[in-house]
Amino acid sequence: MVLITYITGRSILKENPAEALRNKIPSIKGSNLNITKKGIFKKANFSTKWNIRDIFRNKMRTFMGLAGVSGCCMLIVCALGMLDSMNFFVNLQFETLYNFDYKLNIKENLSGDELNNLYDKYGSYTSETLGIEIKDEDGKRESNNIFVTDGGNYVRFVDKKNNIIDKPNDKGVYVTYKLAETKGYKIGDKITWHIYGDSNYYTSRITGFNKDPQNQNVTMTRNYLESLGIDYEPDSLYTNVDLSDTKEIKNIETIQNIDNLKEGMEGMLSMMKTMLVLIIGIAVLLGGIIIYNLGILSYTEKQYQFATLKVLGFRDKQIKNIFIKQNNWVAIVSIIFGLPLGFYLTDWLFKTAIEEHYDFGASITIKTYLISAVGTFVMSYLVSKFLARKIKNIDMVTSLKGNE
């Protein structure tokens, strides 16, 4: 838009003052006229032929309209799509990956008997998180963590397309997709690591990748950890036993149900969601301004042609239909471009602006696309209807004599 405005303004400034004050009469080429005499256009009605010729006569203005309305649609898709994506992220984490009702945080240094007592009451599905340091081939070290799972189907894993996959096997580790992309890991590569507080280094083969929306880490099974000679000391226990009336459990630090965990995550995202609602409002307002300004530009440039049509005997209603029809065409084509552009903008924002330990892209619902498409078209149509009312007030003498 800025580039087009600059080019247009520069071309006007190069004109003589007398030429700049005249209404612009569109230059007509034979090829622009002949297009409506061929093929399917030959049988089209007058308004369709007129609009096709006008579009080819004013390519820059048409392009400007397409860019502006596409931008409006793209902004609405992006704003609503970001809200969709945030909701999808929460559902993925707490409905797909987490398949339990309660998470119990186990106290440290429990004896085997104390752990067995917990297992007898609440099941033996557990996990452990270890702080580690990974050393690359150049000797550079970076902090991370290993999620050791013995949680059965209570803790699940997904691939890049959010489909549930098997947990890691007992011969290696999984690495999250985003961490693999950042470090250039491939299946079959080996990583060297050690647990904080333990100087022994271990080398593990990468046997697969998994997607984790909020932690970019390494995952292994309990069996694999123990095969390295490391003791498994669980810090979390997952259960579906009803603990709604339980306030305290011996040897358990905290009791978290899935709703509490979900509310905690939504609380973290609430500020972002508030900003997204604000962006939605700005997108709608900005879209309306863009479409209105483009409509004004389109109407002003066509005023001379409309005056000519009036002289030729066309009624105001017919001229209004011609004006609205072309704007509707521009809106429809713009929406076709704007919808995918909105998706790619949303996906780009999530992948570049979100902190590196998060991994989720655009996930936009059909409802959002429909709202964006219908909203953009209705906005464009209403602006066209409003501007079309000006046609009956065209001063034909002033419009037609302005070029004398």
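From the list Tyr232, Tyr304, Tyr224, the one residue that fits, being over 26 Å from the mean Cα position of the chain (by Cα), of a type in the set (Phe, Trp, Tyr) and open to solvent by 40 Å² or more (accessible area, probe 1.4 Å), is Tyr304.
For every residue, the table says whether it meets (1) surrounded by fewer than 17 Cβ atoms within 10 Å (Cβ to Cβ); (2) under 19 Å from Asn91 (Cα atoms).
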| residue | (1), (2) |
| --- | --- |
| Ile146 | no, no |
| Gly151 | no, no |
| Asp159 | yes, yes |
| Asn162 | yes, yes |
| Pro168 | no, no |
| Tyr185 | no, no |
| Ser204 | no, no |
| Thr207 | no, no |
| Pro213 | no, yes |
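Listed by first and then second residue, the pairs linking a residue in segment 312-325 that is closer than 11 Å to Lys392 by Cα and assigned to a helix (DSSP H, G or I) to a residue that is polar (S, T, N, Q) and open to solvent by 70 Å² or more (accessible area, probe 1.4 Å), with Cβ atoms under 8 Å apart and 6 or more places separating them unless they lie on different chains, form an empty list. Among residues that are assigned to a helix (DSSP H, G or I), without any contact (Cβ under 8 Å) to a residue 24 or more places away in the chain, surrounded by fewer than 19 Cβ atoms within 10 Å (Cβ to Cβ) and not aliphatic (A, V, I, L, M), Gly288 is not included. Take the residues in segment 336-366 that are farther than 20 Å from Lys160 by Cβ and touching a residue at least 24 places away in the same chain (Cβ under 8 Å); name whichever of them is farthest from the chain's Cα centre (by Cα). Step by step, filter segment 336-366, then rank; the result is Phe337. For segment 192-201, the criterion of being over 17 Å from Asn144 (Cα atoms) and either modelled with pLDDT under 95 or out of contact with any Phe, Trp or Tyr (no Cβ under 9 Å at 6 or more places or on another chain) (or both) is satisfied by no residue at all. Looking at segment 20-42, can you tell me whether even one residue there is polar (S, T, N, Q), open to solvent by less than 20 Å² (accessible area, probe 1.4 Å), outside any strand (DSSP E or B) and modelled with pLDDT under 75? Scanning segment 20-42, I find at least one residue that is polar (S, T, N, Q), open to solvent by less than 20 Å² (accessible area, probe 1.4 Å), outside any strand (DSSP E or B) and modelled with pLDDT under 75, so the answer is yes. Under the condition of being of a type in the set (Gly, Ala, Ser) and at pLDDT below 90, the residues counted in segment 129-143 number 1.
Which one is most open to solvent (accessible area, probe 1.4 Å) among residues in segment 253-281 that are within 17 Å of the chain's Cα centre (by Cα) and touching a residue at least 40 places away in the same chain (Cβ under 8 Å)? Applying the filter and picking the extreme gives Val277.
Here Ile282, Ile291, Ile296, Ile354 are screened, and the one residue that is within 30 Å of Val175 (Cβ to Cβ) and modelled with pLDDT under 80 is Ile354. Say whether the condition of being open to solvent by 20 Å² or more (accessible area, probe 1.4 Å), under 18 Å from Thr62 (Cα atoms) and part of a helix (DSSP H, G or I) is met by at least one residue in segment 356-377. Yes, segment 356-377 has at least one match.
Scanning segment 71-85 for residues that are modelled with pLDDT under 90 and at positive phi turns up nothing. Residues in segment 87-126 that are of a type in the set (Val, Ile, Thr) and within 14 Å of Asn153 (Cα to Cα): Thr96, Thr126.
Do you know which residues across segment 225-262 are within 30 Å of His194 (Cα to Cα) and assigned to a loop (DSSP other than H, G, I, E, B)? Within segment 225-262, Leu228, Gly229, Ile230, Asp231, Tyr232, Glu233, Pro234, Asp235, Asn251 qualify.
Taken as a whole, the condition of being among the β-branched types (Val, Ile, Thr) and open to solvent by less than 40 Å² (accessible area, probe 1.4 Å) applies to Ile134. When segment 250-262 is limited to residues that are among the hydrophobic types (A, V, I, L, M, F, W, C) and touching a helix residue (DSSP H, G or I) at 6+ places or on another chain (Cβ under 8 Å), the one that is farthest from Tyr98 (Cα to Cα) turns out to be Ile252. If we scan segment 86-99, do we find a residue that is outside any helix (DSSP H, G or I) and under 29 Å from Leu179 (Cβ atoms)? Within segment 86-99, one or more residues are outside any helix (DSSP H, G or I) and under 29 Å from Leu179 (Cβ atoms). Among the residues of segment 307-323, those that are hydrophobic (A, V, I, L, M, F, W, C) and open to solvent by 40 Å² or more (accessible area, probe 1.4 Å) comprise Val311, Leu312, Phe314.
Here Ala307 meets the list (1) touching a residue at least 60 places away in the same chain (Cβ under 8 Å); (2) of a type in the set (A, V, I, L, M); (3) over 16 Å from Asp54 (Cα atoms) almost entirely, failing just condition (3).
With respect to the stated conditions, Thr126 is over 20 Å from Gly172 (Cβ atoms) and surrounded by 18 or more Cβ atoms within 10 Å (Cβ to Cβ).
Scanning segment 227-258 for residues that are in contact with a Phe, Trp or Tyr (Cβ under 6 Å, 6 or more places away or on another chain) and closer than 13 Å to Val173 by Cα turns up just one, Leu228.
The values are calculated or read from the model by the stated rules, or taken from the named source; none is laboratory data. Because the structure is predicted, anything quoted here is derived from the model rather than measured. Every residue, glycine as well, gets a Cβ built from its backbone with ideal geometry; the counts of neighbours run over all protein chains shown. Accessible surface areas use protein heavy atoms only, side chains included; no ligands, DNA or RNA. Shrake-Rupley method; radii C 1.70, N 1.55, O 1.52, S 1.80 Å.
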